[in-house]
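All remarks here apply to the structure that follows.
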Amino acid sequence: MAALLLAAGLTGAGTTAAQAQAVAFQPGTAGTGTAGTARAGDILDRLKAIPGMEVTEKTSTLPGYRWFWLEYEQPVDHRKPGGQRFKQRIMLQHKSADSPMVLYTSGYHTPEVMFTAEPTALVDGNQISVEHRYFSPSRPVPTDWTKDTIWQAATDEHRIIRALKTVYGGKWISTGGSKGGMTAVYHKRFYPRDVDGSVVYVAPNDYRNNDDRAYDEFFETVGTDPQCRARLQGLAREFLKRRSAMLERFEAAAEENGWTFDLLRTPDRAFENSVMDYEWAFWQYSLQSDCADLPPLNASDDELYASLDTISGLSFYTDQGLEPYVPYYYQAGTQLGWPSPKFKHMRKLLRHERSYHPRTYVPRDIPMRFDNGRAMRDIDRWVRGNASQMMFVYGENDPWGAKPFRLGPGSRDSAVYVAPGMNHSGRLITRLPEEQQAKAIADLKRWAGVDESAPTLRSAPTPDDPLRLQRPPL
């Protein structure tokens, strides 16, 4: 059920650059990098002096930065700080202790390569990428899943900020895309004074989980080409009509790769979930112009299977694909909520529609109970009534934007922007219309204490979070 998985997607500039930055590292080695080696009394020593912080310097792949892998000791339950503890991973890209710090909340794992989030590039700042609690290896063992909550995660970030502010005294900006954007909002709600501004990309706001009409309306109207919408719906039906041929290929791939289906029980259920995600995945990661590359309805079985696999990513619907994202599905099924489109155009062909639910993706020995939207209603009320120095940015053709955050009469110095024709990208400020782009950049620089006239973005695209390219569609 990839449409339950909020994985921020990256389309366009930055893909090749991000992948090109990936290099192999040997744990425990110190790197020289382009920004110089460790010196007595320098930033490495100051970081190591933080209680509970383990620090390893790695070879930098971004000019002007030094790169540190941090592990910070956290309580599993912040209400009982003397109890079980775990180590949370943080990737630090250091430019200067006086420069702004951008806190990138991934919402998932943190990438093991250097990358530059859009706000980091715009303010020319430092950056930390924080791995969300319960995503391996930042998972306590034994694992008390009841502590995988938005407040506990927000308090992780609060403690990290408090610790690192002893070294970085400049302004702080939080950011994140998709579930990482949601994580940034939740942190701001519980600790509004921790950061000086927040840039939130493509974050859904499912505070009415039982009312998902907005998603159905989105798929009926998305884009400007009705033929594109019709083609996608037709292909979804065609996959189901050719179920036997699609399953034959899927099962062969599973045998070849050693994939198993304990969570989804059968390859047929896994296949059908991928079909229910097909249209969503297309609009999340592709542009309307990509409709031209879709196969015709009368294409061969091989062509149709290739399209389903390319867009939905069939390997994700295996145990091996799902296991890393169990912490997310647990959160979706207990607090965050999940999308439930009606699938009217293919309902008669579906056999397993009821499996499209977070409970399906979490092992049965982990208890789950949904809070009926209580946590998300609180977040929504807070944003409408108290948001300050917050910027929400959405892609016009992104299905997750069908239920966005909205500002209210109590919000201050905040804005919501929509990038025309764009998808679920984490680099949308520079895709806004010229006047909106100028205002958004000016606000961000003001929050970060950066001179508005100072040049920040480089002429070439800067690498973005490469895990966005590797994560499953939704």
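The values are calculated or read from the model by the stated rules, or taken from the named source; none is laboratory data. What you see is a predicted model, and the numbers here were worked out from it, not measured in a lab. As a convention, Cβ positions derive from the backbone with ideal geometry for all residues, glycine included, and neighbour counts pool all protein chains shown. Areas reflect the complete protein model, heavy atoms only, side chains present, ligands, DNA and RNA absent. Shrake-Rupley method; radii C 1.70, N 1.55, O 1.52, S 1.80 Å.
This table checks each residue for (1) free of Cβ contacts under 8 Å to residues at least 40 places away in the same chain; (2) of a type in the set (Asp, Glu); (3) not in a helix (DSSP H, G or I).
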residue: VAL167; (1), (2), (3): no, no, yes
residue: ILE173; (1), (2), (3): no, no, yes
residue: GLY180; (1), (2), (3): no, no, no
residue: ARG193; (1), (2), (3): yes, no, yes
residue: VAL200; (1), (2), (3): no, no, yes
residue: ASP211; (1), (2), (3): yes, yes, yes
residue: LEU232; (1), (2), (3): no, no, no
residue: ALA245; (1), (2), (3): no, no, no
residue: GLU251; (1), (2), (3): yes, yes, no
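Identify all residues within segment 429-449 that are at pLDDT 95 or above and either assigned to a loop (DSSP other than H, G, I, E, B) or of a type in the set (S, T, N, Q) (or both); write none if there are none.
LEU432, PRO433, GLN436, GLN437, GLY449
Residue check: is ARG249 open to solvent by less than 20 Å² (accessible area, probe 1.4 Å) and of a type in the set (Lys, Arg)?
No; evaluated as a whole, the condition is false for this residue.
For segment 353-396, what are the residues that are outside any helix (DSSP H, G or I) and open to solvent by 40 Å² or more (accessible area, probe 1.4 Å)?
Just the residues of segment 353-396 that are outside any helix (DSSP H, G or I), to begin with: 356-357, 362-373, 387-396.
Listed by number, the residues that qualify are HIS357, PRO363, ARG364, ASP365, PRO367, MET368, ARG369, PHE370, ASN372, GLN389, GLU396.
Scan segment 149-167 and tell me whether some residue there is farther than 24 Å from THR120 by Cβ and open to solvent by 50 Å² or more (accessible area, probe 1.4 Å).
Among the residues of segment 149-167, at least one is farther than 24 Å from THR120 by Cβ and open to solvent by 50 Å² or more (accessible area, probe 1.4 Å), which makes the answer yes.
Here are the criteria: (1) at pLDDT 95 or above; (2) surrounded by 22 or more Cβ atoms within 10 Å (Cβ to Cβ); (3) under 18 Å from the mean Cα position of the chain (by Cα). Tell me which single one LEU314 does not satisfy.
(3)
Could you tell me which residue of segment 92-107 is surrounded by the most Cβ atoms within 10 Å (Cβ to Cβ), considering only residues that are in a strand (DSSP E or B) and of a type in the set (S, T, N, Q)?
Keep residues of segment 92-107 that are in a strand (DSSP E or B), which gives 92-94, 101-105.
Keeping just the survivors that are of a type in the set (S, T, N, Q) gives 93, 105.
Numbers: GLN93: 26, THR105: 30.
Among them, the one singled out is THR105.
Here are some conditions: (1) part of a helix (DSSP H, G or I); (2) under 28 Å from GLU279 (Cα atoms); (3) of a type outside the set (A, V, I, L, M); (4) open to solvent by 30 Å² or more (accessible area, probe 1.4 Å). GLY333 meets all but one. Which one does it not meet?
(4)
If a residue has to be part of a helix (DSSP H, G or I) and crowded, with 17+ Cβ neighbours inside 10 Å to count, how many in segment 292-308 make the cut? Give the steps one after another, and end with the answer.
In the first step, residues of segment 292-308 are kept if they are part of a helix (DSSP H, G or I); the result is 292-293, 301-308.
Of the ones still in play, those that are also crowded, with 17+ Cβ neighbours inside 10 Å are 304-305, 307-308.
Residues meeting the conditions: 4.
In segment 53-82, which residues are in a loop (DSSP other than H, G, I, E, B), open to solvent by less than 40 Å² (accessible area, probe 1.4 Å) and more than 22 Å from PHE115 (Cβ to Cβ)?
Result: VAL76, ASP77, HIS78.
What about PRO339, is it under 20 Å from the mean Cα position of the chain (by Cα) and assigned to a helix (DSSP H, G or I)?
Numbers: under 20 Å from the mean Cα position of the chain (by Cα): yes; assigned to a helix (DSSP H, G or I): no.
Here the answer is no, as PRO339 does not meet what is asked.
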